[in-house]
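What follows is a set of notes on a single structure, which appears directly below.
The values are calculated or read from the model by the stated rules, or taken from the named source; none is laboratory data. Please read all numbers here as calculations on a predicted model, not as lab measurements. Neighbour counts are summed over all protein chains in view; Cβ atoms, including those assigned to glycine, are modelled from backbone coordinates with ideal geometry. Each accessible area value is taken on the protein alone, full model and side chains, heavy atoms only, with ligands, DNA and RNA left out. Shrake-Rupley method; radii C 1.70, N 1.55, O 1.52, S 1.80 Å.
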Amino acid sequence: MMSLLQFIPGAGFHQKHLGFEWGPGDLLVYETNYKLQGIRPRSAGSPSVHVVRRDEDICSPILRKLFNESHLIFVGLQKIKEDVPSKNKKSQFVSISKNYRSVIRACMEELQQNAGKRSPDTHHVSILLAIELIWNLCEVLFIDAAPAGSLLLHLLDWVRLHKSDVDARAREVLQSDSPAQHQSYWDVPAGTQTLTEFDVKWRHWHEECDRCLQDNTFASNRHLETICKILVGDEDTLLEQRELLSTWYHFLVTRLLFTHPTIKPPDLHYYAQSSMNMFLGPRASPEPLDIILLSAFEFDLHQVIKDCSIALNNWWFVAHLTDLLDHCKLLQSHNLQCVSHIRSSYLSYMHVCVSLWQLAVDYFDHCPEFGRVYLELQIERVPLDTERKAIKVLRICEDRQMSEQVRSICKIMAKRALRNNRLGSALSWSIRAKDAAFATLISERFLQDYSNKGFFTDLDLLDNLGPAMLLSDRLTFLGKYREFHRLYGEKRFSEAARLLLSLMTAKIAPRSLWMTLLTDALPLLEQKEVIFSVDQTYELMSCLEELNSGTKDLNQTDQDEDIESTKTELLRLALARNLAMAIVKEGTIET
Amino acid sequence: MDPTAKYISQKISRTRWRPVPAGLLQQPEVFAAGSWDNESNRVSIWSLGDNDSDTDGEFDEEPRLLCDSEHDGDVMDLQALSLAHVWERAHRYSCDNAPCTAVVCRSPELVSVGEDGRVILYKADQTEVVRVIENADSSTIHAVTFLRTTEVLTVNSIGQLKMWDFRQQSDSPAQILSLTGDRVPLHCVDKHPNQQHIVATGGQDGMLCIWDVRQGNTPFSLIEAHSAEMWEVHFHPSNPNHLFTCSEDGSLLHWETTSGSDMSTLLQRGWNSRVVSHSGVPLAGEDDSVVSSWLAGDSSKNRLEATHMLPSQTLSVNSLDVLEQCLVCGTDGEAVYVHRQLPV
């Protein structure tokens, strides 16, 4: 838990009580109306709401690398198939664990290079050191689950690896303390002998060392005697080398090396506890890291996770480690809720860095219980600044069949396009969402433009609607209406006439536009040539009558009524004339 | 050989090689990367270190940052130019700025297109824009490419290709091409380096279309290349039998003809195409082969093979550029991948 005192400029906390509200990653602070007792207000209060955000250490470039690289490993881990036999899987899990650790180490090295410049970086370095230490131990004890014999070898490696981080010089001295004969001794347990054979040999050797000590063989040379005592595993001598050992777990491993090299995993905790007590002494109390390591030595995985969550304040580590342990089937069922909780905490932690929303999606996908719900809520809140971003968000939603979110995002983008008068864009968004209602809206807008201006805009769109025309009736009408105008322009009158009629008879055209359509028919009726046939003329007449028989619009002014009735008269006249000519034409037998 | 990855802590929207002088047969060393979706975006220039490989031919230099600068808004496109200039508010709506989606340059002229449907022509040394085609498109124009010195081709979000001739006074396109089926938005376009009438486009459904702009209203070939939006398509500039595409689905494909015939005859006759993964082992959760829609042609002789260039499924690959034997691409996973030994 961090505690910091931050003065918020402008918030008159000298005068009024401040109120606050928690947000997902930040805090909203505002002035209330409650004055502080006994203070006379000096200046007018500030009406603003202040957003207090935690310092974006999560957004630091180096930590972002950690998140991105580990995300790739995480996704790869989820893809490991269930049916692979467990022995092969174990080696895969170990290599994944090593991948995670190498990412941590790379991050740590980079932070160390930049360490001088920013103090938060040194803080991160020490946290990452601790994380890698714990992770490595968990890998040895739980994931690799080294059996007796090789267990100590792995622990030796573990200690050596982390010892070298701290003090390279000490390592040199340490190496001089372990004589060469010891190294060759350790090649043996690797394969050629069984554990008991090795154990027998080792005991024999140990007894010999002991005898040397008793016989005072090395009495002349104090250094050699010390070395011999170490080889025998004399605890007091080892403790004397405290500076070189520097940590209790190094002491533990050294002690085991010289007293119980064939240590079995279940026996580990006894030595761990006693080593810690001996090393730290009666006055020093163990730090959180020590307790975590001790729990690991005791094979209490649940405790390790719990303590890590509390002590380290780093959800990244806990989330990824528990996920890996879960895949190794090492967590009990009652821990799964824990896993879910941890993962959601990691996600809300990541939320602080807004750019990481795409990474978060994969984690949501693998959140056992509420992942889908959280994702739905989260994805709607990603700001859609450009079309490209909206397209990416849409792809995420479509891949997961989140149809409601698809519809709402497309609608937002379509509305925005419409507001900016980009009718083509608006239409393309409606097509993607298969939103018939919005397509109708767009068509209405086109028709409105047409009646205002007298011509169609955006012809490139209207002339090339293609199958999209079928999305909504109004859109179909719009496309066909434009086609009528085009046919007329190309002087293909009979086709144009047929199309115009079909728009009304097939009820594609809305009733409100029938008068416009009929008026469009006037020039065709007025042509010298007869274009509409007898049947077509009868149909036009019935359309006109149908239009007039409808209830009168009460909002119409007298002037409008006059115009309407004039139009109707004109049409009736034109239709009658056309009918006459058509009858004559059709009745005439061509000779 | 696997490409080297470098995590640069920002999501990459565009990467472009700095052009090497023609005829020198040098490998490109410097590339630019633009970021997006950050509170403060940057354009950064990276260098790959020296060109000489070790005795065993291994390049293990990671890209080093040379310099970077801040950029307002997302970096949508990058082009190399010798002069620098800023044209403010070139793309706009009536009350707001509109995103400019793509820029192409053929020195000294530049053309930009945007979400406001404008096509704007600039000259590198002039502060005023040379020409604006207002209302070039009622939808967003996603990409633009030069066909000839005075002609450009644009693609938009209702699936149309439009050819514009700047010699003409009128503001309408010289030609419009589109698919007969669904109007799928097109996101990228590239012209064949030698034959100006052959053009490749990629769209929202991941289909790669090859068009002949001289004839007809329909593309020559349609290939199911990707399972999500295709962001960029590039013919290899010196060896056009190779084509590269990258997509939102996290893959970068390298297409090449395996028969003796070159790409143009192959395109006219059609092909049978197969997608293979990088190492020959299928990636987890993926089909082993994808057979494209088969258009007329002899199946046995003409084959088009595609290989995955990236080792595993990453987040969306937003951009790629290819020059000589080097390929650079950038992903939403904040990583830049550089491949220095392309088999071209």
32 Å Cα-Cα threshold exceeded, pairs from A:K65/A:K389; A:K81/A:K201; A:K434/B:K162; A:K79/A:K411:
A:K81/A:K201; A:K79/A:K411
Row for region A:259-335, column shape: gyration tensor on C-alpha, a ≥ b ≥ c, rounded if a/c < 1.5 i.e. under 1.5, prolate if a/b over b/c, else oblate; value oblate
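Rounded, prolate or oblate: pick one for region A:462-591, where a ≥ b ≥ c are the square roots of the eigenvalues of its C-alpha gyration tensor, a/c under 1.5 means rounded, and failing that, prolate if a/b is larger than b/c, else oblate. Walk me through the numbers on the way to the answer.
Values: a/c = 2.04, a/b = 1.08, b/c = 1.89.
Here region A:462-591 falls in the oblate category.
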Between B:K11 and residues 5 or more places away or on another chain, the pairs with built amide H atoms under 5 Å apart involve B:W36
For region A:267-412, what percent of Cα pairs sit more than 22 Å apart?
53
Exposure rank, largest accessible area first [A:S403, A:S344, A:S425; 1.4 Å]:
A:S403, A:S344, A:S425
Å² per residue, accessible surface of region B:189-232 at 1.4 Å:
33
If I stretch the segment between A:F20 and A:R283 completely, what's the gain in nm (0.36 nm per residue apart, minus their alpha carbon distance), one decimal?
90.3 nm
Area of A:Y488 that stays accessible when all protein chains are in place (1.4 Å probe, Å², to 10):
70
Can you give me the distance in nm between label points at A:V49 and B:Q126, each placed 7 Å from the Cα along the Cα-to-Cβ direction?
5.0
Using only Cα positions of region B:86-216, each an equal point scatterer, no hydration layer, compute I(q)/I(0) via Debye at q = 0.11, 0.20 Å⁻¹ and quote the log10 values to two decimals.
-0.36, -1.18
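R0 = 35 Å: FRET efficiency of A:L195 with A:S126, Cβ-based, nearest 0.05? Intermediate results must be reported in sequence, preceding the final value.
On the way: r = 38 Å, r/R0 = 1.10.
Efficiency at R0 = 35 Å is approximately 0.35.
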Cα convex hull volume per residue for region A:350-492 (Å³):
108
Note every residue of region B:152-170 with a reduction of at least 50 square angstrom in accessible area, all protein chains present versus the isolated chain, computed with a 1.4 Å probe, or write none.
B:I158
Sorted from largest down, give the three principal axis spans of the alpha carbons of region A:408-453, whole angstrom values.
31, 19, 12
What share of all Cα pairs of region A:344-407, in percent, falls into each consecutive 10 Å distance bin?
21, 59, 20, 0
Using Cα positions and a limit of under 19 Å, work out the lysines in reach of A:K585, with same-chain residues fewer than 8 apart set aside.
A:K528
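Using +1 on the beta carbon of Lys and Arg, -1 on that of Asp and Glu, and nothing else charged, what's the dipole of region B:149-247 about the Cα centre, debye to 20?
On the way: 5 positive and 10 negative charges, 49 e Å.
For this selection, approximately 240 debye.
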Accessible area per residue for region A:211-331 in Å², computed with a 1.4 Å probe and the full protein assembly in place, what is it?
48
Yeah, region A:373-413 with a ≥ b ≥ c from its alpha-carbon gyration tensor (a/c under 1.5 is rounded, else prolate when a/b outruns b/c, oblate otherwise) is prolate
B:T218 label point, 7 Å along Cα→Cβ, cut-off 16 Å on backbone N: hits in region A:455-483?
A:466-467
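Which percent of the accessible area of region A:492-591 is formed by carbon and sulfur heavy atoms (probe 1.4 angstrom)? Provide the component values of the computation, followed by the final result.
Numbers: 3370 of 6170 Å².
Carbon and sulfur: 55 percent of the exposed surface of region A:492-591.
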Run the numbers on region A:443-472: which residues show a drop of 20 Å² or more in accessible area, chain on its own versus all protein chains together, using a 1.4 Å probe over heavy atoms?
A:D458, A:D460, A:L461, A:N464, A:P467
Order these peptides, A:96-102, B:192-198, by their mean beta-carbon neighbour count within 10 angstrom, highest first.
A:96-102, B:192-198
Fraction of accessible area attributable to carbon and sulfur, region B:135-186 (%, probe 1.4 Å)
46
What's the FRET efficiency of A:Q559 with A:K528 using the Cβ-Cβ distance as r and R₀ = 35 Å, to the nearest 0.05?
0.55
What's the center-to-center distance, using Cα atoms, between region A:278-353 and region A:511-573 in Å?
81
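Where Rh is the Kirkwood radius over the Cα pairs of region B:149-254, the temperature 4 °C and the viscosity 1.567 mPa s, what D in µm²/s does Stokes-Einstein return? Can you show the working numbers first?
Numbers: Rh = 14.0 Å.
Here the translational diffusion coefficient equals 92 µm²/s.
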